[in-house]
Amino acid sequence: MDIIILQEAFQLKHTRHLLFVTLLMILALLAGCSKQTPTSRLATIEDMSNKRIGVVSGFIYDKFASERFPAAQISRYNSQTDLLLAIKSEKVDVAITNYAAAKNMLKDNAEVGILTDQILTFPIGIGFNKNNPELRARFDAFLQARKADGSLETMYRKWFDNDLDTIKMPKFKANPGGRKVVLGVAIGDLPSAGYVDGEYVGFDIELIQTFAAQENINLQILSMDFSALIASLASGKVDMIADCIAINAERQKQVDFSIPYMEDKTAVIALKKNISHLAGSQQEAVRSISLTQSLVEGFHSNIIRENRYLLILDGLKTTLVISLFSILFGTLLGGFICFLRMSRRKSFQLTARLYISLMRGVPVLVLLMIMYYVIFGNANVSPVLVAIVAFGMNFAAYVSEMFRAAIESIDRGQTEAGIAGGFNKFQTFVYIIMPQAIRRVLSVYKGEVISLVKMTSIVGYIAVQDLTKASDIIRSRTFDAFFPLLMTAVLYFAISALLLQLLDALDRLSDPRRKNRSGLLASRAGRLTLLLLAILSLAMVAVYNSTGPTEPKSTSATGAAIKSLSDLDGKRIAVITGTTGDFVIREKYKNAKVVDMVYPADAALALRANKADAFVFDRNTLQYILARHPQYYEILPERLSTVEIAIPMRSDAPDLHRKINSAINKFKQDGTIDRLKNKWILSAGTPTVPKITLDGRNGVLRMGTCLLSEPYAFMSNGVMAGLDIELAFLLAEHLGMKLDITDMSYDAMIAALQAGKIDLAIANFYKLNEREAACVFSIAYLENDISAMVRRQQP
Amino acid sequence: MISVKNLSKRFGGYWVLKDINAEIHKGEVISIIGPSGTGKSTFLRCLNLLERPTGGSIVIDGVNILQKGTDEPKLRRKMGMVFQSFNLFAHLTVLDNLTLGPMKLLGKSRQDAEAKAIELLKSVGVSEKQHQYPDELSGGQKQRVAIARCLAMDPEIILFDEPTSALDPTMVSEVLAVIRRLAKNGMTMAIVTHEMDFAKNVSSRVFYMDEGVIYEEGKPIDIFDNPQKEKTRIFIQRIRKFCEKVVSRHFDLYKLQANLELFCARHTTDKRTVSHIQLVVEEVLGQMILPLFSGDPEIDLTLEYSEKTGDFQLLFEYAGPQQNPFLTLPDEDNLSLRLIEKLTKSNSYNWASGRNQINIFL
C-alpha cells in the first residue's frame, strides 16, 4: 500500500517535472528565440561569409550581400537607424551600407567602426533612352563643364555632407515654352531624390533641374517604382531617369547612361571590438542567449518597443467598453423581449419569437457586418456603438429565454399570493417574482456574459481596435505569436474573472441566506444591487468618455477634401491591419483616426460608405480597385513609402531558401515577373492562371495564401487566380514540386509557418525587418508603393 | 356584504360552477364543504377575481365587481386570502412578508408596518421566527404567518382555501385554533375545508357544494345532524357503499361472502363484525327472501359503512307484493330470525310502489 502511494507520488512529481520542462520548451519555441551564433573577429571581407549581415532593404547591398556571401544570414532593415541599432544590439555582426551614411553613423557612435570601404563602388549615372543620344550628349557636355568648374563637387558636398533638414533646394522656374523632357525618378531616398512638401528635391533633382534651366527644357517629373524606371525609359514613357542609379552592364543593355556624375562608395561597419584592427586588447566572453533572455527579448519587442503595451491597453479598454455596454444594453433589451414573449398578446409573442429565432440563427459576425455595412451603412455612427448594439441584440435573444425560463420556474402560487394580496401585475413582478427569478437566472447568465466577452473578439471586422485586434497588430509586426497571444489570453481571462466576481457579488447580495440576519439589511439588498449597477455604469461611462470620441469630429467627415498626403492627418484612414500602410499611417499621422480593416474589399467599401476618408494600401491593389470602380475613387499621386514584396519561408529549410531565391532571380532576369505584373496588375481584363502541370518529382511544396487579396490571390470563376498564385505555380514547376495551397488569413500564415504547417507563404507579404526575426524571407520579387486612395470628388 | 347571483364558471367545455347563488353577511363564518372537484375552491377564487367568472354577478357593498372598471387590486386589498400551499414570499423574511403589502400598497412607514407585523406575529404565535425565511418554518407556522400576512392588510373578509389540507395532522389544530380565534373576534370569513368538526363548531353557516351548485345550505347543526338531501348525508356521514345484485337461485354465495369480507376489511379490523355480516347476509338471502321466489330472483344488496359513526347497514331490495319476511316466516325458521335478531342492532321493513326494502343495522 505505502509503496504504491510512494510510486504514485513519485510519478506525479515526475509528471509535473516533465510538464514543466515541456512547457519551457514550448515557451522557448514560441518565443522564437533568435539563434545567436558566437561572434569571431573580423579581419577581412571574407570573414563576413558566415556572419549575420545587416542591410537596408531595397538597395543594391541586399543583392550584393546575398550573392557575395551565400552562407551568411542576411537581415534587412527599413532604415539606417534600425540597421545601426541592430549592430549595436548585436543582432547582426556587420552591416553593409552607403559610405556616406556610415560616416554619418560613426560620428555619434564611437563603438562602431568601419571594417572596409573597399568592397563595392558603383559609378552613378543618368539613364537615357537609347534612341535619344542627342539629349545624352548634351547632358554629358553639361556634366563635363560642371565637373571642370568644380560646381558639381560643390553641389555634391552640399547634399551629402550636410544635415538633410538644413539643405535648401534652389527654386527653379517652370519653363513651359521649352522642349518637353520627362524625367522618371523613384523618390527612394534623400539625398538623391525625394519629395518634400510637394516638391521634388535632392541632389539628382537639382542637377537635372540645373541642366534643364540651362538647356531651356520644360522638365516634367514623374515618380514611379524604382523597378519600373528602366522599363519606362526603354518603352519611351520617360526620356531620362535618375535616382542614384548604378551603372552596370545589365542595365546598359537596355538604356544608355551618361558619364558618371558621382560614385557611390560602400562601407562595411561593425562593432569595433569585433574588428581585428580596431579591437584593441579587450576580450569579451562569448555570449550566448539564454532562455530567460530570449523571453525578456520577446517581451521587450512585443510589449515594450514602440510602446506596444499602449496598443494592448487601448484594446483592453475598447473590449471592456464593448463588453460592459453590450451586457447592459443586451440585458435591458433581453428583459423587454422576455416581456413580449410572455405577453398574452399573440402579436407580441410572435414578434419576440421571431426576434429570438432570428438572432440565434444568424452568426454574430454576420450580424455585426450587416449592422455596420447595411443598417448603419450611411450613418456616421461609431463602430464601437455598432458593435455594442449588435452584440447586445444577440445577447438579448439568449438572455430573454433565460429570463423566461427563470420566471416560469417560480411557483405560480407566488404570483397568486401577490395578486390576491392586492398587488397589480407589475408590482407583483417587481416585488415578488423578479427578486426570486434573478437568483435562479444568475448561474446561466454568468456563462452567457463570459461568452459574450469572448465573442467581442471579432469586432476587428468592423474596424474596431479591440484587445484581439491589438494583439493581431503586434503579431503582424513582430511575427511572434507567443507574447501577444499569451498576453491577450491572460487579459481576456482577467476580464472574465472580473465580471464573474461582480456577478458573484450580485449573487451573494440577492441570496437571502448569506445576508445579515437583520431585517433592515435584508430588504436593502435590492437597493444595494441597483446601486452597484449604477456605479458600474457610471464608471464605464467615465472610461468611455476618457477614451475620447471614437469618431473624429464631424469636421473630418464634411471637411476639406483630401488633395494630397499632407491632408491625411486628422482624417479617418482605413488600413489593413498589419500592413505597411498601417504602420506608416500610425507613425506619420499621429492625429489620424486609423480605421482597422481586415480585407481590402471591406476597406474600399468603408471608404465608399464614408466610414473612412482615405484608404492607405499598396498601390497595385488600389489601382486594381480603381480600375473596377473608377466612379467612386481616386488615388493620390504621391507615395507614402516603398516596400518590397517577398516570400516568408520556414526558417529551418536553408535548401529551400536557396532554391527559391535563385528561382526569383531567374524570374526577375528573364522578365517573368514583369510579365506577371503587367498581366495581373496593370492590364484591365480578367486573366487566368495558365494550366501548369506539376510532376512533383521533388516532393510537395506546402504554401499558404489568402484568397481574399485580389489581384494577388483570389478565386475567379471557381479557380484560384492572381499574380501570387501564378508565381507559386511557376516556382513549383521550377523546383519540380507539387503545390499544396492552403487558404488562410494573414495572421494564421505566420503562425502556420512557425509551426511548420506550411513551407512558405506567397501572399503579397511585405518584407519588414521585424518579421525577419520570426521567419526567413526570400529576396524581393516585387516592389510596391504605399499610396492613398480617396473618394472621388464630385465635380 | 357579498351577494352572488347565478355565478357560473367554465373551464374549456366543462362547467365547474353552474349556478351559484349565495349571500355572505358581515361577521359570518361560512364553511364551504363538499366532495373534491365540485368547484369549492373555484367559487372562492371567483370571489376575489383570481378566477374570472363566466357569468352571473358578484355584488359587494352594492357594486357589481364583474363590471368593467373595477379596481381589482384595490378590491383584493380588502379581501385577504389564505392558500392551501401557504404561498409565502420565498425571498423575504417572515417579517418582510408581513410588511411588504402595507408598505408598498397602504403607504405605511416601515416602522408602523413592522410594529403591526410583530404584534400580529405574536397573536399567531410565531413572533420568534420573524427574521427567518419561509422554508425554515414548519407547515403550521407557515400557515399561521400567511394568516398574519392577510391580517396585516386589515381585510374586511378573509378567504381560506383549504388552509389545513397540506398540513401534517399534528399541525392542523394549531392553525384551526388561530382561525377559531378570528371567528370569535368577529372576522368575516369564507372557509373551504374538509375539517367537518371544525366547520360544525366554528361556522355560522355551511354551504354544501355539489354538481356545480350550492346543493344545500343551512346552519351547521342542520347540515351535519339532519341533512335534507341524500348526497349531503352521504358526504356528511362519509358513507362507503358495497353493492351486489343477486339474479340467480344458484348464485355464488362464496364469492359474495369473499367480496363482503374484502369491503369490510377496508373499514374495520373487527373479524367478528365481518363474520356477523356474512352470517346475516346468508340467512336473510337464503332463508327469508329466496323462498319467496319461484323462478330466478332479482335482489339488490347494499352494504353501507359510515366512516363517521363506524356503523354497518345492510339493505335488501327486491320487487314483489308487500310481505314482511320478519312476520311471515314459518315457525321452523324461527331459528334464522332469532339468529338475525341476536346479531343486529335493529331492523326494519318497508314496502313502497311494488318494492320490498329490508334495512338491517349491525
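The values are calculated or read from the model by the stated rules, or taken from the named source; none is laboratory data. Just so it is clear, the model here is predicted, and its values are computed rather than measured. Ideal geometry is used to build each Cβ from the backbone, glycine not excepted, and the neighbour counts take in all protein chains shown. Heads up: the accessible areas ignore ligands, DNA and RNA and are worked out on the full protein's heavy atoms, side chains in. Shrake-Rupley method; radii C 1.70, N 1.55, O 1.52, S 1.80 Å.
The single condition among (1) of a type outside the set (Phe, Trp, Tyr); (2) modelled with pLDDT of 90 or more; (3) under 33 Å from the mean Cα position of the chain (by Cα) that A:GLN293 does not satisfy is (2).
Condition first: under 30 Å from B:ARG238 (Cα atoms) and in a strand (DSSP E or B). Can you find one or more residues in region B:47-65 that meet it? No: zero hits. Taken over region A:714-755, the criterion of being over 24 Å from the mean Cα position of the chain (by Cα) and under 30 Å from A:PHE482 (Cα atoms) is satisfied by A:LEU739, A:ASP740. Among the residues of region A:381-417, just one is in contact with a Lys or Arg (Cβ under 8 Å, 6 or more places away or on another chain) and modelled with pLDDT under 90, namely A:PRO383.
Of all residues in region B:89-121, those satisfying the criterion of being among the basic types (Lys, Arg) and either farther than 18 Å from A:ASN424 by Cα or open to solvent by less than 20 Å² (accessible area, probe 1.4 Å) (or both) are B:ARG110, B:LYS116.
For region B:75-84, a tally of residues being open to solvent by 30 Å² or more (accessible area, probe 1.4 Å) and either more than 14 Å from chain A (Cβ to nearest Cβ) or part of a loop (DSSP other than H, G, I, E, B) (or both) returns 2.
Confirm whether A:SER66 is surrounded by 15 or more Cβ atoms within 10 Å (Cβ to Cβ), in contact (Cβ under 8 Å) with a residue 24 or more places away in the chain and in a strand (DSSP E or B). The answer is no for A:SER66. Taking helices (runs of 4 or more DSSP H) as the structural unit, those lying wholly within region B:87-175 and holding at least 2 residues that are touching a Gly at 6+ places or on another chain (Cβ under 8 Å) and either away from chain A (no Cβ under 12 Å) or at pLDDT below 95 (or both) correspond to B:94-105, B:139-152.
Tell me, please, whether a residue that is open to solvent by 30 Å² or more (accessible area, probe 1.4 Å), under 23 Å from B:ASN324 (Cβ atoms) and of a type in the set (Ser, Thr, Tyr) can be found in region B:272-279. No, because not a single residue in region B:272-279 is open to solvent by 30 Å² or more (accessible area, probe 1.4 Å), under 23 Å from B:ASN324 (Cβ atoms) and of a type in the set (Ser, Thr, Tyr). Taking the listed residues A:SER554, A:SER496, the one that is modelled with pLDDT under 65 and more than 14 Å from every other protein chain (Cβ to nearest Cβ) is A:SER554, with no other qualifying. Checking each residue in region A:663-679 for being open to solvent by less than 80 Å² (accessible area, probe 1.4 Å) and touching a helix residue (DSSP H, G or I) at 6+ places or on another chain (Cβ under 9 Å) picks out A:ALA663, A:ILE664, A:ASN665, A:PHE667, A:THR672, A:ILE673, A:LEU676, A:LYS677, A:LYS679. Here region A:411-425 is the region considered, the condition is being buried (at least 18 other Cβ atoms within 10 Å of the Cβ) and more than 7 Å from chain B (Cβ to nearest Cβ), and the residue that is nearest to B:LYS74 (Cα to Cα) is A:GLY418. Picking from residues in region A:144-187 that are assigned to a strand (DSSP E or B) and of a type outside the set (Lys, Arg), the one that is nearest to the chain's Cα centre (by Cα) is A:VAL185. When you look at B:GLY186, is it among the small types (Gly, Ala, Ser), on the phi > 0 side of the Ramachandran plot and touching a residue at least 40 places away in the same chain (Cβ under 8 Å), yes or no? The answer is yes for B:GLY186. Only one of the numbered conditions (1) of a type in the set (A, V, I, L, M, F, W, C); (2) open to solvent by 30 Å² or more (accessible area, probe 1.4 Å); (3) within 25 Å of B:LEU337 (Cβ to Cβ) is violated by B:ILE234, and that is (3).
Counting residues that are without any contact (Cβ under 8 Å) to a residue 12 or more places away in the chain, which strands (runs of 3 or more DSSP E) fully inside region B:264-362 reach at least 2? Steps first, answer last, please.
Numbers: elements: B:299-306, B:312-319, B:346-352, B:355-361.
Per the criteria, B:346-352.
Scanning region B:122-142 for residues that are surrounded by fewer than 15 Cβ atoms within 10 Å (Cβ to Cβ) and farther than 21 Å from A:GLN414 by Cα yields a count of 2.
Considering each residue of region A:426-449, count those that are among the polar types (S, T, N, Q) and more than 12 Å from every other protein chain (Cβ to nearest Cβ), and give that number.
Residues meeting the conditions: 1.
Checked against (1) of a type in the set (A, V, I, L, M, F, W, C); (2) more than 23 Å from A:VAL321 (Cα to Cα); (3) in contact with a helix residue (DSSP H, G or I) (Cβ under 9 Å, 6 or more places away or on another chain); (4) at pLDDT below 70, A:LEU568 meets all criteria but (4).
Just one of the numbered conditions (1) touching a residue at least 60 places away in the same chain (Cβ under 8 Å); (2) of a type outside the set (Lys, Arg); (3) open to solvent by 50 Å² or more (accessible area, probe 1.4 Å) is not true of B:ILE157: (3).
Close Cβ contacts (under 8 Å, 6 or more residues apart or on different chains) running from residues in region A:709-732 that are closer than 13 Å to A:PHE765 by Cα to residues that are of a type in the set (Gly, Ala, Ser) and surrounded by fewer than 24 Cβ atoms within 10 Å (Cβ to Cβ) comprise A:ALA713/A:ALA721; A:ASP724/A:SER709. Selection of region A:368-405 for residues being over 16 Å from A:LEU332 (Cβ atoms) and either aliphatic (A, V, I, L, M) or within 14 Å of another protein chain (Cβ to nearest Cβ) (or both) yields A:LEU368, A:MET369, A:ILE370, A:MET371, A:VAL374, A:ILE375, A:ALA379, A:VAL381, A:VAL384, A:VAL386, A:ALA387, A:ALA405. Answer with yes or no whether A:LEU135 is outside any loop (DSSP other than H, G, I, E, B), hydrophobic (A, V, I, L, M, F, W, C), over 42 Å from the mean Cα position of the chain (by Cα) and surrounded by 15 or more Cβ atoms within 10 Å (Cβ to Cβ). Spelling it out, A:LEU135 is indeed outside any loop (DSSP other than H, G, I, E, B), hydrophobic (A, V, I, L, M, F, W, C), over 42 Å from the mean Cα position of the chain (by Cα) and surrounded by 15 or more Cβ atoms within 10 Å (Cβ to Cβ). For region A:580-612, filtering for residues that are more than 14 Å from A:GLU710 (Cβ to Cβ) and out of contact with any Pro (no Cβ under 9 Å at 6 or more places or on another chain) leaves 21.
Taking the criterion of being out of contact with any Pro (no Cβ under 9 Å at 6 or more places or on another chain) and surrounded by 22 or more Cβ atoms within 10 Å (Cβ to Cβ), the only residue of region A:748-758 that qualifies is A:ILE758.
Just checking, does region B:66-74 include any residue being more than 14 Å from chain A (Cβ to nearest Cβ) and open to solvent by less than 40 Å² (accessible area, probe 1.4 Å)? Yes: one or more hits. Take the residues in region A:680-713 that are closer than 26 Å to A:LEU626 by Cα and more than 26 Å from the chain's Cα centre (by Cα), then tell me which one is most open to solvent (accessible area, probe 1.4 Å). So, considering only residues that are closer than 26 Å to A:LEU626 by Cα and more than 26 Å from the chain's Cα centre (by Cα), the one most open to solvent (accessible area, probe 1.4 Å) is A:THR686.
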